[in-house]
Amino acid sequence: MAVDRFPVEEGSILLFARAIGDPNPERGVAPPTFIQSSAQFDPDYPLRPKPGEKWFGSGREPSGVTSSGSGSGGVGLHAEQHFEYHRPLRVGDVLTSTTRAGEGWEKEGRSGKLVFSEAIIEYRDAAGELVVTARSVGVLTQRKEA
């Protein structure tokens, strides 16, 4: 995910905080997982609906679009998420992000191979200072051949 411009706005923080049950939504500092809402500023984010296109959505094939998997009956899953804050996100910040590949590894599971991959997203403020480092781990399952 690459975001050219992610404005941290008071109204967005308030709505996000309310949605997650944050008891102190009017603090001017974003809740820890708020950075994930930057995905809505990425025009290529795959879970973001696009006008005129079928959408995979959050259910199992709600719009008729199917997941591609690995070609061998595999399924891609989100396994972990980590955030490292170098300073709090504050109302008025305008962030940009860059994404790079992290580590990759494999494990053998009961039903087949598990292929793990890490993506690292760095969020920087208008001055170029690093604000948040987000690490996401995905896993692709690959079934054993019968």
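Since every read-out is calculated from the coordinates, none of them should be taken as a lab result. In this text, all values refer to a predicted model and were calculated from it rather than measured experimentally. Virtual Cβ from ideal backbone geometry, glycine too; neighbours counted across all protein chains shown.
Using the Cβ of R124 as centre and a radius below 15 Å, the other residues enclosed give a net charge of -2, where K and R count +1 and D and E count -1.
Within a Cβ distance under 11 Å of V139, other residues only, what is the Lys/Arg minus Asp/Glu net charge? Don't skip to the answer; put the middle values down first.
On the way: positive: K107, K113; negative: E80, E106, E118.
So the surrounding residues net to -1.
Length, then width, then depth: along the principal axes, the Cα atoms of the stretch 79-146 run 56, 17, 14 Å. Give me the lysines in straight-line cross-link reach of K144: C-alpha distance below 30 Å, same-chain residues under 8 apart excluded. Straight-line reach from K144, under 30 Å: K107, K113.
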